[in-house]
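Input: a single structure, listed below in C-alpha cells.
Every number here is computed from the coordinates shown, using simple stated rules; none is lab data. A quick note: this is a predicted structure, and the numbers were derived from the prediction, not measured. FYI the Cβ positions are ideal-geometry reconstructions off the backbone, even for glycines, and counts take in every protein chain you see.
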Amino acid sequence: MQALKRSFYTLLILLPVFLVSACGWHLRGVEALDEQLKTLYIDVPGDHVELSRTLKRSFKSMGVQLTETAKEAPLTLTISQVSDKRRTISTSGRGKAAEYELTSIIGYRITNSEGLILQGPAQVSAEKVYLFDPNNVVSAYEEEQILRQEMQRDLIQKIIRRYQAVRPGEAATQADS
C-alpha cells in the first residue's frame, strides 16, 4: 500500500513537469546576442554616475564588451535625457500631500560607427505611485528612493530589450552629432 501511495505522489509531482515540458514552455534565459551587438560604447552625461554604472554593469552581464571611446566600438548608446519628476496626485483633508506620482524618463539613441542612427531618438519611461505619511517623513523618503531605484532598473531593462532588437545593417537617419 505504501509503495502505491509513493508511486501515486511521484506521478502527481511529475505529471505537471511533463505537461509543461510538452507544451514548449521553458525558463527565460539569456538570449544569444547578435555578433554585431557584442561591442558597445556607452555615453552618459557626467552628472548621472549611478545610471552610467548600472547601465554598464547590465550590459557587461549580457556579455557585451564595453569600450573606452566611441571610435573603438561599432555601436554607441548615447543617453541624451534623464528626467525624474514628482507630483502630488491627492491631498489629505488638511491640504497636505497624501499621494505622489513619480515619473522617470530616459532619452537615448543608438548610432553606428558612421554616425547613422539605428534607433531613436527614443524615450523609455516609468511611473510609480506611493502614499505619503506625514507622520513618518523619513520612511516616506526612503520609500521614494527605493521606488526610484526600481524604476531605474526597469528603464535600463527596457533599453536593453530595445538594444537587442537593433539591426546594425538598418540605419534610420544620419545623426546630428
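Protection proxy ranking for 111-118, 140-147, using the average of other Cβ atoms within 10 Å per residue and placing the highest first: 111-118, 140-147. Going through the cross-link list LYS38/LYS60; LYS56/LYS128; LYS60/LYS85; LYS60/LYS128; LYS71/LYS158, which pairs have a Cα-Cα distance over 20 Å in this structure? Going by Cα-Cα distance, LYS56/LYS128; LYS60/LYS85; LYS60/LYS128; LYS71/LYS158 fall outside the 20 Å limit. Among beta bridges identified by DSSP and lying wholly in segment 33-174, the antiparallel ones come to about 85 percent.
Counted residue by residue at 0.36 nm each, then reduced by the alpha carbon distance between them, the extension gain from LEU116 to ASN136 reaches 2.1 nm.
FRET efficiency for ILE89 and ILE13, Cβ-Cβ distance as r, R0 = 45 Å, nearest 0.05? That gives a FRET efficiency of 0.40. Note on segment 33-174: with charges restricted to the Cβ of Lys and Arg (+1) and Asp and Glu (-1), its dipole about the Cα centre is near 100 debye. When a/c reaches 1.5 or more, the comparison of a/b and b/c decides; with that in mind, is segment 33-174 rounded, prolate or oblate per its Cα gyration tensor? Verdict is prolate for segment 33-174. The calculated FRET efficiency for VAL129 paired with ALA3, based on their beta-carbon distance and R0 = 41 Å, is about 0.15.
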